[in-house]
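The structure appears below as structure tokens.
Any read-out appearing in this document is the output of simple, stated calculations on the displayed coordinates, not a laboratory observation. Just so you know, these numbers come straight off a predicted model, no measurement behind them. Note that we place each Cβ from the backbone using ideal geometry, even for glycine, and neighbour counts take in every protein chain shown.
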Amino acid sequence: EAAVTQSPRNKVAVTGGKVTLSCNQTNNHNNMYWYRQDTGHGLRLIHYSYGAGSTEKGDIPDGYKASRPSQENFSLILELATPSQTSVYFCASGDVTGGTEVFFGKGTRLTVV
Amino acid sequence: AQKVTQTQTSISVVEKTTVTMDCVYETRDSSYFLFWYKQTASGEIVFLIRQDSYKKENATVGHYSLNFQKPKSSIGLIITATQIEDSAVYFCAMREASSGSWQLIFGSGTQLTVMP
């Protein structure tokens with residue numbers, strides 16, 4: 001079973017502060033994704049990566065940066081957190097060639113006050 | 001740009017009946033993959049079933065099946081003999097195969113409630 005681990009699971013941050021959400025996968029997947037989930041919007045793609053050293057913008061990248069320093073790790077960085085970034089964030093990984101499914105972490109609940 | 005739309009916000013059914021959840025998609029790619037995922041009350045998101053655009057046969061896994069209507073850009077999820085534990089949010093998703101982007105785009109989800 002594919003394992004995707006997110007940390008922290010819960011985070012309270014202050015407006016204007018820097019927040020880093022981390023994701024680790026142990027399945028040697030090439031592709032990793034960051035989504036945010038808000039009521040009425042489903043899962044919206046923020047950033048994704050094809051492999052170590054690569055990051056690509058998704059549908060809603062503004063206010064977020066991503067970093068993929070290794071095959072296993074993919075971070076989402078909020079340089080200046082705002083209350084509008086309060087949400088639940090999910091990381092996912094998969095070997096997308098051939099159309100296989102992705103595997104999700106358990107999510108991080110971020111509250112920006 | 002690719003887009004996935006689920007217009008049904010919520011559905012309620014009685015246990016042991018059949019339910020269909022709708023999903024329509026937009027893509028310029030001639031080859032793509034369609035997925036359905038389930039999010040349980042605990043927040044866990046799990047893969048259910050997939051349809052490859054080049055396949056004419058509808059995919060079936062357990063009591064989940066798909067109604068793939070390519071001319072209508074539609075991929076419905078059918079759950080037969082529903083159980084209480086099928087209560088969850090169901091997401092439709094799409095990934096283009098030949099554009100090279102590998103973005104996985106989701107719809108807004110449908111909340112299914114199965115009542116005894």
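Panel order for A:Tyr50, A:Tyr89, by other beta carbons found within 10 Å of each beta carbon, from fewest to most: A:Tyr50, A:Tyr89.
Restricted to Cα atoms, the protein assembly as shown shows a radius of gyration and a Dmax of 17.5, 52 angstrom.
Considering only B:Lys16, B:Lys55, B:Lys70, the Gaussian network model of chain B with Cα springs below 10 Å gives its largest mean-square fluctuation to B:Lys55.
Springs between Cα atoms under 10 Å define the GNM used for chain A, and in it the highest mean-square fluctuation of A:Val102, A:Val12, A:Val88 occurs at A:Val12. Would you please classify the overall shape of the stretch A:1-59 from the alpha carbon gyration tensor, given that a ≥ b ≥ c denote the square roots of the eigenvalues, rounded means a/c under 1.5, and beyond that prolate means a/b larger than b/c while oblate covers the rest? It is prolate, given that a/c is not under 1.5 and a/b is the larger ratio.
How would B:Thr5, A:Thr100, A:Thr108 line up from fewest to most surrounding beta-carbon atoms within 10 angstrom?
Values: B:Thr5 13, A:Thr100 16, A:Thr108 23.
Ranking B:Thr5, A:Thr100, A:Thr108 by Cβ neighbours within 10 Å, fewest first, gives B:Thr5, A:Thr100, A:Thr108.
Think of chain B as a dipole: +1 on every Lys or Arg Cβ, -1 on every Asp or Glu Cβ, centred on the Cα centre; then among B:Gly109, B:Gln69, B:Val46, B:Gln69 lies furthest on the positive end. By definition, a body whose alpha carbon gyration tensor gives a ≥ b ≥ c is oblate when a/c is 1.5 or more and a/b is not larger than b/c, and the stretch B:41-101 fits this oblate description.
Of the three principal axes defined by the Cα atoms of the stretch A:68-113, the extents in descending order read 42, 21, 14 Å.
Taking 10 °C and 1.306 mPa s as conditions, chain B diffuses translationally at an estimated 111 µm²/s according to Stokes-Einstein applied to its Kirkwood radius (Cα pairs).
Spatial offset of the stretch B:70-116 relative to the stretch A:35-64 amounts to 19 Å, using the alpha carbon center of each.
Compactness ratio of the stretch A:2-113: Cα Rg over 2.2 N^0.38 Å, N = residue count? Each step should come with its number before you reach the end.
Values: Rg = 13.1 Å, N = 112, 2.2 N^0.38 = 13.2 Å.
In units of the 2.2 N^0.38 Å rule of thumb, it is 0.99.
What order do you get for A:His41, A:His47 when you list them from fewest to most C-beta neighbours inside 10 Å? Could the numbers behind the result be given before it?
Numbers: A:His41 14, A:His47 24.
Going from least to most buried by this count: A:His41, A:His47.
In order along the stretch A:20-31, phi translates into HN-Hα couplings of 10, 9, 10, 9, 10, 10, 10, 10, 6, 6, 6, 9 Hz, rounded to whole numbers, per the Karplus curve 6.51 cos²θ - 1.76 cosθ + 1.60 with θ = phi - 60° and x for Gly and Pro.
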